[in-house]
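Following: one structure in structure tokens, then a few remarks.
Just so you know, all these numbers are worked out from the coordinates, no wet-lab data involved. Only a predicted model underlies this, so the values are computations on that prediction, with no experimental measurement involved. Glycine also receives a Cβ, built like all others from the backbone with ideal geometry; neighbour counts cover every protein chain displayed.
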Amino acid sequence: MVRFLTGWLKDVVNNAYSRPYVHKIRDKPVFSLIDAIRKVKEENKNPIIAEYKRASPSGFSADRDPIEYAKEMERSGAVGISVLTEDKFFSGSYDYLFIISHTVKIPVLMKDFVVTERQIDNAYNLGADSILLIVRILTERELESLILYARSYRLEPLVEIFDENELEMALNAGAKIIGVNSRDLLTFAIDQERVKRVLRKIPSNVIRVAESGITSKEQIEELKKYGADAFLIGSSLMKEPSKIKELI
Ligand SMILES: O=C(O)c1ccccc1NCC(=O)[C@H](O)[C@H](O)COP(=O)(O)O
């Protein structure tokens, strides 16, 4: 049983259960997102996970070529690329994941509302190096078992949390890389103060990712003071890809 869900989150999860199995065989190695983040930090640069997102339920939309975008992000030093594959609300697709993961040689994260092992099979077969697991939409048992299932493919999942309660669940489930989303998934409101509060409670042996609503270098520097190791940025890079140079 998934947790009690309302509004569009209920629809997005129902849709996730019906995603088809993709018949492909993985033909590339797995790149570790955690290792890549540590390496970029050692080089005194900001590890930016650049997101390929064409639309979102909060009204965002951008029409950008996935190959050009991914190449520019890699060339500019992004630590990884996050690819939205959710089709109904984000206009994502498995095709974008396959194309991008076969274009770049940096880790690629499958960003979706993962609730089934089949979605993880697809992520692996399509060339993803990590997947997102959102605590808000999973029970504790599901979170634990999906983490283990992803690891059976050597995909270390980015576990997304909202607050301290979800942090406890993520830590209990053994997450090694945790993202704190500043965007409330139901109201879409951005709250960076909550992110700072939660980030500083994450143990330093866990990789801490600040997610959503990041538009400037000043914000990144501020989030670093609270322990952020990496930054997941979608909208502002989709609108203006060259901005990545100033953020790194
Ligand atoms: O992007 C949205 O508007 C959104 C709305 C509701 C649920 C999730 C949503 N986005 C998923 C994400 O986590 C973001 O795409 C990602 O963190 C990047 O955020 P941003 O830089 O603000 O585009």
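Would you work out if segment 1-53 is rounded, prolate or oblate? Take a ≥ b ≥ c from the square roots of the eigenvalues of the alpha-carbon gyration tensor; rounded if a/c is under 1.5, else prolate when a/b is larger than b/c, oblate otherwise.
Cα axes put segment 1-53 in the oblate bin.
Which percent of Cα-Cα pairs in the chain sits in each 10 Å bin, short to long?
8, 35, 41, 16, 0
DSSP loop GluC sites (Glu not before Pro) in segment 219-248 with at most 11 other Cβ atoms within 10 Å of their Cβ, which ones? Don't skip to the end; give the middle numbers.
On the way: sites: 221, 222, 246; in loops: none.
Those that pass, being in a loop and sparsely packed, number zero.
Please report, in debye to the nearest 20, how large the charge dipole of segment 32-247 is about its Cα centre when each Lys and Arg carries +1 at its beta carbon and each Asp and Glu carries -1 there. The partial results should precede the final answer.
Numbers: 31 positive and 35 negative charges, 104 e Å.
So the magnitude is around 500 debye.
With +1 on each Lys and Arg Cβ and -1 on each Asp and Glu Cβ, and nothing else charged, work out how big the dipole of segment 10-63 is about its Cα centre, in Debye to the nearest 20. Don't skip to the end; give the middle numbers.
Details: 11 positive and 7 negative charges, 27 e Å.
The calculated dipole for segment 10-63 is roughly 140 debye.
Relative to a virtual label point 7 Å from the Cα of residue 188 in the Cα→beta-carbon direction, which members of segment 224-248 show backbone nitrogen distances below 19 Å?
233-240
What is the gain in length, in nm to one decimal, between residue 43 and residue 176 on full extension, counting 0.36 nm per residue of separation less the C-alpha to C-alpha distance? Don't skip to the end; give the middle numbers.
Working: separation 133, 0.36 × 133 = 47.88 nm, distance 2.15 nm.
Length gained between residue 43 and residue 176: 45.7 nm.
With the contact rule set at Cα under 8 Å and sequence spacing of 6 or more, what percent relative contact order holds for the chain?
Numbers: 503 pairs, mean separation 52.8, N = 248.
Relative contact order here is 21 percent.
About the Cα centre of segment 1-153, what is the dipole size in debye to 20, counting +1 per Lys and Arg Cβ and -1 per Asp and Glu Cβ, all else neutral?
Details: 22 positive and 21 negative charges, 30 e Å.
For this selection, approximately 140 debye.
For segment 27-92 and segment 198-248, what is the centre-to-centre distance using only Cα atoms, to the nearest Å?
13 Å
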